[in-house]
Each structure stands twice: as C-alpha cells, then as structure tokens.
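No value in this document is a laboratory result; all are computed from the given coordinates. Computed from a predicted model, the values in this text were never measured in an experiment. Reconstructed Cβ throughout: ideal geometry from the backbone, glycine too, with neighbour counts over all protein chains shown.
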Amino acid sequence: MHLEVSHLYKHFSTRQGQLLVLKDINLHVETGEFVCAVGASGSGKTTLLRMVAGLDTPTSGKITVDGQPVIGPGADRGMVFQSYSLYPWMTVAKNVGFGLKLQGMAMPLRAQRVAEYLDVVGLSQFANAYPRELSGGMKQRVAIARALASQPKVLLMDEPFGALDVQTKETMQQFLLDLWRRTGTSILMITHDVEEAIFLSQRIYVLTARPGSVQREVFVDLPSERTYTIKRQPLFQGYRDEIMDLLRETSRLGVVVE
Amino acid sequence: MTSDASASTPKNSQQPGGLKPTIFWRIAEDIPANLKWALTAISIVVPLGIWWGVSSLGIVNPKFLPSPMTVGQAALDLHADGFLVQDTLMSCFRVGVGFFLAALISAPIGVAMGTFTSIRSLLEPIIGIVRYMPAPAFIPLLLIYLGVEEPPKIALIFIGTVFFNVLMIMDAVKFIPQELLETTYTLGGQRHQVLFQVITPYVIPNILDAFRVNMAASWNLVVVAELIAADEGLGKRISLAQQFFRTDDIFACLIVLGLIGFCIDLLFRWLLRISCPWAID
Ligand SMILES: Nc1ncnc2c1ncn2[C@@H]1O[C@H](COP(=O)(O)OP(=O)(O)OP(=O)(O)O)[C@@H](O)[C@H]1O
Ligand SMILES: [Mg+2]
C-alpha cells in the first residue's frame, strides 16, 4: 500500500470570498505505518482527511492509493468519524457486517468475518446490542471494527477519541495501538492532541494554522511496543515540547497575518 | 451601610439565583407516575362532569344540550338499530382506502424528494401550490368526474392527505446525519444502496408519524364528504340527525368519531413501537 498526497490545495468559496484552507500539502503513508497529522483547530485537518476518503474534491493537486488516483469514496479507504455514526436501527453485529453486505459478501462467510472483528475489538458479548445501549468508547470500537471488517488498504480516522473522557481516551489509545500491531493495518489519523499523536504513531505531520501546510515531519523514534508510562520518558517529552513549540509558533504567526 | 446589606439578603432560605425543585412544572422531564395518571383522569372526568352538571341544572334546553345519559342511550339505540356499526364501518372503509392509496404514493415520492435535489426541484413547486387548494373545494369537480358513489369520497381523502404526507416525509429525510450517508460510501455503498438500505430504514419512524398526524385530516374529509352526498356513514348520520333535531344522536356520533381517531392514533404508536424499537427513547 502506498498512499500519496502531492501538492494538494483546497479553497472554499464563502460569503467573505475565497478561503484558502490547505496549501501545498505533501504527505505519504506506507504499508503497515501509523501516521498522524496534528494541527490547530481550523487548520483543515478534517478537510484533508475527507479528500483522501474521496468525500470532498481537491481544488488542485493529486491523491493516489497504489498509484490509482482517488476520484470518490470506496471501501479501500475505511473511515472512522469522531461522531461514531453507527446505524441506530442495526445491532452491533449488523453494523460491523454492513460494509461486507454492501459489497455482496454472502452470509456464512460474512458472519464469520463479523465474529472475527467483534473479537478483535472485544465486543463479542454485545453482538446483539443496539448502538444506544453502548458507551462512547464502545461505540467507537464498533465503528473501528466496521471499518476494519472490509479490510481496507488504509484506515482514516478523524479525531476518533475527541469526544471521550480522559480515562476512556487513554484506554482506547492503548487499544488502538495493540490493534494496529496485531492487524498491521496502515493508519492515517488526524488529531489535535499532541501526546496522542506521539503515543500512537511512527511519523507525525505537523500542520501550520490556516492555511494548513506541512510545517515539519517528525519521526517518532520510540519502541513500537508502548504503554502509557512512556509518556513520562524524557524522549517522549522532548517530542511533545518540539511539536507544541511548532504549533504555538504558527498560531502566533497566524495572528500577525490576520 | 449595614442596613443595606441586610435588606439585600434573600427572604427565603433558597440559594440566590438557584433553580428551585418542582414536580408539576418540570420541563421535558418525567413526573411521578401517580401524578400522571391523576392528571390523565382529570382530563377526561372534569369535562364530562361539567357537561353533566350543566345539563342536569336545567339552565340549558335539553333539546340543545342533551345529558350524558341521554347521549349514551342514543348511542345504544343507534347500535340496536344497526346504524352505528354500519356507519362506522362505512366511514372507516372510505378513510382506509383513501388514506392507504395516499400512503402508498406519498412514501416513495417523499423519500425521493428528500433524497434527490433534482426530484425536489421538479416536484416541490407544484406540490407547494396544490396543497394550498382546500381539498373540500375539489368536491364539485370530483362529483362531476367520478359520480356520486364511493370514488369521489375516496379521491377527496386522497387529495387531502397525499401532499402533506409527501412534504412531511421529505423533511424527515433532510434530517438524516450527513455522516451516516458518507460512512456508507466509505464502506463501499452505491447510491441505490444508500437509498434503500440507509435512508429508507432511517425514516420509517418518521413516515409512520406523518401518517399518524395526517390521519386526522382524512377523518375531517370523510365527514365533509358524507355530509354532502352519502347513504350511510357517520357524517351522513349527523346530517340526518340535524334534520330531525336529534342533538343526542349528533353528540353520540361525535364521541364515536373522537374515540375512533384516538384508537387509530394508539394503533400507529403501537406500530411504531413494535417495528422500530430503536427509535423510541
Ligand atoms: N464546506 C465548507 N465550506 C466553507 N468552509 C469550510 C467548509 N468546510 C470547512 N470549511 C472551513 O475550512 C476550515 C478548516 O476546516 P476543518 O474542519 O478542515 O478544520 P479542522 O482542522 O478539522 O478543525 P478542528 O480541529 O476544529 O476539527 C475552517 O475554517 C472551516 O470554516
Ligand atoms: Mg476537524
């Protein structure tokens, strides 16, 4: 798998005129990588991810997956939204299997795949529960299982834990990291939580404030087996200070420009 | 200055500016079950009591305001003569057929208009105009076109409900979270799958609710149609009773109409509860 975004620009037409949101974005994700993009609110992170998913069209520039240009949404790029967006009338198992059903996978095989991914996210006992009976963390695990069940080439996540409380968030980060190591899925995740990005990823793209562009690519040289205690290590804190300083700098620049 | 300070102290023991607890005036919260039942009983018993009181005081001519007992007796008499069941069934038949046809047409059109901007642009202007034409104004035309039997009455109910159903269903589709549709695309869903497997199940509770609300309009119209031209039906019974100055029969028919409507309302609520348990809080 090779996801490549090159010279990507995006502007929206608003009542105040043209709004440049993304400026010359270049990034890539390789097979089995966990990559994060961090940036201030309004720096165009969601817009970037939506264009990779094919839900929005770039103003100019190119997005390719394995050399194929992205022209619309497809099952090869799974997406997890911050707001879970589960189908409320379907049970957990039906939610997880829905993508497979849409793609025409027949029943015995589908049930088997659903059971497998429910097990991966630890929700086997809740197979017949409805989304409204689940907590936020559990809902997000269902959404992740649903995206993974289609075995996408790359999993796109837009602040998946943004709506969770601190403890649940920490549990979910650990869960996602373990899941990534077990399944070897390539992940591109968007967040504004710097510690989350360092804890999870191998590479981080730090975006500038609006218009968003890649300010620095940070290689996270931490062991791939991580627990939350790693956040106390000096190396981790060094990364955090570096990225925080970058973000602080661009937001100050932003104020001067505006 | 000390006197000022004591004057500004609140007189009651409540925290200043705090929200005081209440039972009766709770907003969008549950009230105790026994209070709920008591209020429900009051809502029926008090109007009935006032009616009984006024009619038994003898200040109003019983020809104009029959007592609840007289009306009950009138209902029993109508039932014994076989009119009550026959009229009720006839009115129910007309409403049933007219409303069923309207539902059958309005659900797919409403969903299509909510889903596709193109179809909405095509149909919304004409529906927006036609729905402001009062359905009873169509009666003369319907009588000319369709005769005096059942077709014009059924057509009237159809015309009077189909447009409101369509517009309410269309609005419900607009409230589907965009992300639910986008999620479906990223799971490999095609447009027809989004329409039939996401949008349609999502709006079924709203469709049932639109039907429940618009059912009332079809009961209005069946009575209007029967007042004008019919051999039987509750509306016909009311207009006959007027000719013979039988206010007790009129009251009896009105109460039957109210009860039927109430039962249909409950039926739709029950249907919603068993078919879409996920949509009930
Ligand atoms: N459809 C749209 N039309 C006009 N402007 C838009 C549209 N979508 C996003 N924007 C603007 O683009 C900018 C970037 O939005 P985006 O949601 O991508 O930011 P973000 O980095 O995800 O922010 P956050 O961290 O708050 O989620 C914002 O200023 C927003 O107002
Ligand atoms: Mg965002």
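Quick notes on this structure:
- Any hit, region B:70-91, residues being without any contact (Cβ under 8 Å) to a residue 40 or more places away in the chain and over 25 Å from B:Ile238 (Cα atoms): no
- Annotation note: of B:Glu182, B:Glu226, the sole residue that is more than 11 Å from every other protein chain (Cβ to nearest Cβ), in a helix (DSSP H, G or I), acidic (Asp, Glu) and surrounded by 17 or more Cβ atoms within 10 Å (Cβ to Cβ) is B:Glu226.
- Output for region A:1-34, where each listed residue is within 16 Å of ligand 1 (Cβ to nearest atom) and in contact with a Phe, Trp or Tyr (Cβ under 9 Å, 6 or more places away or on another chain): A:Gln18, A:Leu19, A:Leu20, A:Val21, A:Leu22, A:Lys23, A:Asp24, A:Ile25, A:Leu27
- Scanning region A:14-53 for residues that are within 13 Å of ligand 2 (Cβ to nearest atom), away from every other protein chain (no Cβ under 14 Å) and outside any strand (DSSP E or B) gives A:Gly39, A:Ala40, A:Ser41, A:Gly42, A:Ser43, A:Gly44, A:Lys45, A:Leu48.
- Here A:Leu164 fulfils each of the conditions (1) more than 16 Å from ligand 2 (Cβ to nearest atom); (2) surrounded by fewer than 21 Cβ atoms within 10 Å (Cβ to Cβ); (3) under 23 Å from A:Val80 (Cα atoms) apart from (1).
- Considering region A:178-204, and only residues there that are surrounded by fewer than 19 Cβ atoms within 10 Å (Cβ to Cβ) and within 21 Å of A:Ala115 (Cα to Cα), the residue that is nearest to the other protein chains (Cβ to nearest Cβ) turns out to be A:Thr183.
- Out of A:Glu170, A:Glu217, A:Glu195, sole residue that is outside any helix (DSSP H, G or I), charged (D, E, K, R) and under 20 Å from A:Phe34 (Cβ atoms): A:Glu217
- Residue check, B:Asp249 touching a residue at least 24 places away in the same chain (Cβ under 8 Å), part of a helix (DSSP H, G or I), charged (D, E, K, R) and over 29 Å from B:Ile109 (Cβ atoms): yes
- Candidate set from region A:176-207 (those that are in contact (Cβ under 8 Å) with a residue 40 or more places away in the chain and aromatic (Phe, Trp, Tyr)); member that is farthest from ligand 1 (Cβ to nearest atom): A:Trp180
- Selection status of A:Lys139, surrounded by 16 or more Cβ atoms within 10 Å (Cβ to Cβ), farther than 30 Å from A:His2 by Cβ, more than 9 Å from chain B (Cβ to nearest Cβ) and touching a residue at least 24 places away in the same chain (Cβ under 8 Å): yes
- Scanning region A:75-103 for residues that are within 16 Å of ligand 2 (Cβ to nearest atom), in a loop (DSSP other than H, G, I, E, B) and surrounded by 20 or more Cβ atoms within 10 Å (Cβ to Cβ) yields a total of 3.
- Total residues in region A:60-74, condition in contact (Cβ under 8 Å) with a residue 40 or more places away in the chain and crowded, with 20+ Cβ neighbours inside 10 Å: 2
- Some residue of region A:145-155 being more than 8 Å from chain B (Cβ to nearest Cβ), closer than 28 Å to B:Ile204 by Cβ and assigned to a helix (DSSP H, G or I): yes
- Residue under evaluation A:Asp56, criteria (1) away from every other protein chain (no Cβ under 14 Å); (2) within 13 Å of ligand 2 (Cβ to nearest atom); (3) among the acidic types (Asp, Glu), criterion not met: (1)
- Hey, A:Ile71 among the β-branched types (Val, Ile, Thr), part of a loop (DSSP other than H, G, I, E, B), more than 16 Å from ligand 2 (Cβ to nearest atom) and over 17 Å from A:Leu207 (Cα atoms) or not: yes
- Test: residue in region B:65-88 that is in contact with a Phe, Trp or Tyr (Cβ under 9 Å, 6 or more places away or on another chain), assigned to a helix (DSSP H, G or I), closer than 16 Å to B:Val223 by Cα and not charged (D, E, K, R): no
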